[in-house]
Ligand SMILES: C[S@@+](CC[C@H](N)C(=O)[O-])C[C@H]1O[C@@H](n2cnc3c(N)ncnc32)[C@H](O)[C@@H]1O
């Protein structure tokens, strides 16, 4: 059995933000984890508990996270997914059935359009509640976490994965190294201002992962655990196909932020505390970085560390 439920239209919690594009859900998202890491995570969080049959993922997108986790829940019988955007809700069952394959047989899938901060479910409806890279987009992540906990039954598991996304802008890759002290500091200043601007405008906190232990303290949970994703991408030349996918994604993202979305990037930086003229000047530095990165990629000399700061935290709802 499966169904799609569309709630009455809801107001965007992050008004003015571009919706999540299909590009953000590209192939690169499949490369985030080593399977063994997720197996160990599932064991530590107790996902093989026979009492975990009803799972909820909030902010499903194209189902990448649901599929990775659902595969590691042996007693799974019902998978409910929520997204704020109608297109991901309409798409959800097909995406999930495609990703789960035979593992999805006999699992009832329900997709619901709703806001993570106001979930349309009764208290204690689920045995496992999870989200990945969703709280970072919300103006009120504490409220969403409280909602996730409210719909979780006592003894059930909450599992949250969120990054700290400033790291890539301070990473010592070979294009950044070519910019020298002033250029590298300028890069960090620009993106830090954008992150602060995002918070000031109520568009979320892209470093929310750093606050997960603190946020969990506010919940009625016990048995808190937290780990860091152990995946490091090999981005040294000659580039593997996976490296090409990841590097291509990064270049496309930066090209958009400095090109089609330049006005938005400047707006965020100004909201984060920069003068308009300085924001424009820092964008030019970042354009120099991008040009240098593209030159090195074409020459096959670009080198980067390939790590990310991505936390995964879990706990059990107190009984
Ligand atoms: C970065 S994507 C993550 C998708 C998926 N969790 C994954 O890891 O592949 C964030 C998702 O959260 C959804 N989203 C954003 N704000 C939301 C809200 N207030 N309530 C529910 N979903 C929301 C977006 O539409 C998007 O699909």
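Compared with the dominant principal axis of the Cα atoms in the chain, helix 180-200 is inclined by about 40°. Relative contact order for the chain: 21 percent, from Cα pairs under 8 Å spaced at least 6 residues apart, divided by residue count. DSSP bridge analysis restricted to the chain gives an antiparallel fraction near 35%, rounded to the nearest 5. Extending 7 Å from Cα along the Cβ direction at residue 211 and again at residue 124 yields two label points whose distance is 3.1 nm.
Just how many % of Cα pairs in segment 144-212 lie over 20 Å apart, if you round to the nearest whole percent? Provide the component values of the computation, followed by the final result.
Numbers: 1138 of 2346 pairs.
Counting pairs separated by more than 20 Å, the tail of P(r) holds 49 percent.
Extension gain for the segment residue 264 to residue 309, taken as residue separation times 0.36 nm less the Cα-Cα distance, is 13.7 nm to one decimal. Beta bridges per DSSP, both residues in segment 25-114: antiparallel share near 0 percent. Would you kindly work out the equivalent ellipsoid of segment 241-319 from its C-alpha gyration tensor and give its semi-axes, the square roots of five times the eigenvalues, largest first in whole Å? Value: 29, 24, 10 Å, ordered largest first.
Using only the alpha-carbon atoms, how far is helix 86-100 inclined from the longest principal axis of the chain? Give it as 0 to 90 degrees, nearest 10. Roughly 80 degrees, rounded to the nearest 10. Shown here are the Rg and Dmax of the Cα trace of segment 167-319, at 18.0, 59 Å. Ranked by the mean number of other Cβ atoms within 10 Å per residue, highest first, peptides 68-76, 151-159, 116-124, 104-112 order as 151-159, 68-76, 104-112, 116-124.
Compute the length gained on full extension between residue 231 and residue 185: take 0.36 nm times their separation in residues and subtract their Cα-Cα distance, giving the result in nm to one decimal. Mind dumping the intermediate values first?
On the way: separation 46, 0.36 × 46 = 16.56 nm, distance 2.68 nm.
Full-extension gain reported as 13.9 nm.
Residue 222 to residue 102: FRET efficiency via 1/(1 + (r/R0)^6), r the Cβ-Cβ distance, R0 30 Å, to the nearest 0.05? That pair, residue 222 with residue 102, gives E of 0.25. Once the Cα atoms are used to define both axes, helix 262-271 deviates from the longest principal axis of the chain by about 80 degrees. Rounded to the nearest 0.05, the FRET efficiency derived from the C-beta distance between residue 244 and residue 146 at R0 = 41 Å is 0.45. If one puts a single equal scatterer on every Cα of the chain and applies the Debye formula without solvent, what log₁₀ I(q)/I(0) results at q = 0.10, 0.14 Å⁻¹? Calculated log10 I(q)/I(0) at the listed q: -0.60, -1.14.
Every read-out reported here was derived from the displayed coordinates using simple, explicitly stated rules and does not represent laboratory data. Predicted model, so just to flag it, every value in this text is computed and none were measured. All Cβ positions, glycine included, derive from the backbone under ideal geometry; neighbour counts span all protein chains shown.
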